[in-house]
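Working notes, beginning with the structure itself.
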Amino acid sequence: MCAAVAEDRRWAKQYPWLGEEPIPTDSCISEEIYQQEIEKVFKKVWLSVGRVEELPEPGCYKLKRLDFASTSVLLIRGKDNEIRAFHNTCSHRGNTVVVPEGEWDNFGQKSAFSCRFHAWTYNDQGELIGAQDEKGMPPCFNKSENGLTPISLDIWEGFIFINLDENPKVGLKDYLGKMGDHFSGFPYDEITHCFSYYTYMDTNWKVGLDAFAEAYHVNTIHAGSFPGTFSTGLQMIKLYDDHRSTAVCFNPPKSAPPVAGLAQSKARGSLVNNVAETILPPTLNDEKRDDYAFELSVFFPNWLLHVSEGIWFTHQFWPIAQGKTLWEGKYYVKEPRTNSEKWALEHAMVVQRNAWLEDTATMEGTYYALKSGSKKFMQLHDEEILVRHGYHVLEKYLKGEEGGH
Ligand code: FES
Ligand SMILES: [Fe+2]
């Protein structure tokens with residue numbers, strides 16, 4: 001075990017204002033609390049919904065369903081190269097303009113978006129450019145006032161954020177605050193080769209999120225994928241208003257099994273790849289630890305961003321209902337150049353898939369057991385202080401005390 005873990009309650013001593021009380025389980029199983037979270041958090045704060053690289057050219061769009069708000073968001077890059085967000089709702093009688101296909105995000109490219117119900121048509125800037133048999137519309141009808149309904153959008157480091165509030169209380173820069181500074185300067189736009197997994201789970205969104213916001217579970221849950229690789233003790237924790245970040249470090253190196261060792265030596269995309277030169281901005285690993293593995297962070301409320309040498313990855317938990325959640329895991333590496341790098345990438349993808357299966361495997365079981373109501377509280381370990389911080393921030397929003405950025 002890492003020596004740091006044996007230091008008694010070091011995080012509680014560093015952050016005494018978070019307290020050490022058990023956390024009520026109600027938060028994960030109460031329908032009433034869930035409805036408050038949707039109204040006071042998810043419909044009010046900035047949410048990460050994509051990357052600019054997903055919309056490379058004018059007319060490119062991404063359709064993202066936000067079931068918690070009974071809407072889908074249409075992100076479009078216009079001819080003027082601006083990316084805008086709209087409710088995917090027709091101004092005529094409210095049909096969906098782009099019909100969602102399948103169960104996950106939709107992508108495409110169009111110069112005009114025509115509603116299939118009565119063919120009202122919008123351009124790539126959301127303006128209504130055609131209404132069928134327009135002469136039949138009443139004199140008060142004005143096309144220029146009937147474009148798609150815009151949603152506030154802003155971009156940080158190539159990440160597209162939206163805010164469903166008609167008048168967001170704070171801009172994205174202020175919302176991210178020091179967390180934005182902490183993660184700025186990493187070459188996200190140069191590491192764009194992505195593999196991803198998603199699944200819908202019968203769990204509350206926080207049960208999922210919390211399972212990724214600590215390393216206390218790595219010796220047990222990840223004994224298969226990363227045996228003894230990472231320390232359960234966190235380092236360099238930073239609590240920035242609503243957001244939180246920490247370093248996860250390696251245990252003293254052990255020799256890898258032969259195939260894994262070979263893959264790691266070839267990979268440009270392994271989490272345990274060694275590199276000669278750092279690409280991390282100076283804000284990360286500011287103590288310059290040589291056992292630094294990766295940065296783990298939670299951007300409030302539902303997005304985790306991780307960066308490491310040569311890779312970065314995200315998790316996101318979208319509430320669908322109180323006990324239903326969409327999990328998305330996305331992992332970014334540099335484009336493989338050679339066949340051996342392609343093979344090493346396949347290996348990294350399988351290892352990561354296994355690790356994420358290990359993580360997600362607990363989430364439905366935890367929710368099911370919590371729903372029994374037999375435990376009124378969760379008892380948190382000191383190394384789960386990011387989880388504690390999450391509930392602290394949430395409580396602030398539910399009480400209406402947010403906005404102190
Ligand atoms: S609802 Fe879209 S054209 Fe009628
Ligand atoms: Fe994990």
Quiz prompt | Charged-residue dipole, Cβ positions (Lys, Arg, Asp, Glu), segment 45-168 about Cα centre, Debye nearest 20 | solution = 360 debye
Practice problem: Mind putting a number on the dipole of the chain about its Cα centre? Charges go on the C-beta only, +1 for Lys and Arg and -1 for Asp and Glu, and I need it in Debye to the nearest 20. | Solution: 460 debye
Practice problem: At 0.36 nm per residue, minus the direct Cα-Cα distance, what do ALA12 and ALA69 gain on full extension? Give it in nm, one decimal, please. | Solution: 16.9 nm
Quiz item: Hey, what's the Cα Rg ratio for segment 65-110 versus the globular rule of thumb, 2.2 N^0.38 Å?
Solution: 1.20
Practice problem: Give the residue from LEU66, PHE161, ASN88 lying farthest towards the positive end of the charge dipole for segment 45-168; charges sit on Cβ (+1 for Lys and Arg, -1 for Asp and Glu) and the dipole is referred to the Cα centre. | Solution: ASN88
Quiz prompt | Volume per residue of the C-alpha convex hull in segment 45-168, rounded to whole Å³ | solution = 111 Å³
Exercise. Please compute the net charge surrounding VAL387, taking Lys and Arg as +1 and Asp and Glu as -1 over other residues with Cβ under 10 Å from its Cβ.
Key: -1
Practice problem: Post the alpha-carbon centroid distance, segment 275-343 to segment 8-82, in whole angstrom. | Solution: 17 Å
Quiz item: Counting other Cβ atoms within 10 Å, which trypsin sites (Lys or Arg not before Pro) in segment 190-261 have at most 12 and lie in a DSSP loop?
Solution: LYS254
Practice problem: Give me the distance in nm between label points sitting 7 Å out from Cα along the Cα-to-Cβ direction at GLU39 and SER340, one decimal. | Solution: 6.1 nm
Quiz prompt | the chain: equivalent-ellipsoid semi-axes (sqrt of 5 x gyration tensor eigenvalues, Cα, Å) | solution = 39, 26, 19
Exercise. Quote to one decimal, in nm, the extra length available between LYS169 and LYS396 on full extension: 0.36 nm per residue of separation minus the C-alpha distance between them.
Key: 80.2 nm
Exercise. Taking the Cβ of each residue in LYS43, LYS169 as the centre, tally the other Cβ atoms inside 10 Å and list the residues starting with the fewest.
Key: LYS169, LYS43
Quiz item: Which values of log₁₀ I(q)/I(0), to two decimal places, follow from the Debye formula for segment 196-258 at q = 0.12, 0.23, 0.27 Å⁻¹ with a uniform point scatterer at every Cα?
Solution: -0.42, -1.09, -1.18
Practice problem: Provide the FRET efficiency to the nearest 0.05 for the GLU101-LYS288 pair, computing r from the beta carbons and using R0 = 45 Å. | Solution: 0.40
Quiz item: HIS217 versus LYS110, label points 7 Å from Cα toward the beta carbon: distance in nm?
Solution: 4.0 nm
Quiz item: Using a Gaussian network for the chain with springs between C-alpha atoms less than 10 Å apart, which of these wobbles most: VAL350, VAL387, VAL52?
Solution: VAL350
Self-check item: Residue-span extension gain [ASP202 to SER184] - 0.36 nm each, minus C-alpha spacing
Solution: 3.0 nm
Practice problem: Please give the calculated 222 nm ellipticity per residue for the chain, where each DSSP H segment of at least 4 residues contributes -39500 (n - 2.57) and the sum is spread over every residue; nearest 500 deg cm²/dmol? | Solution: -7000 deg cm²/dmol
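Here, each number is a calculation from the coordinates, and none is a lab measurement. This one's a predicted model, so the numbers in the text were calculated from it and none came from an experiment. Cβ: placed from backbone, ideal geometry, glycine included. Neighbour counts: every protein chain shown.
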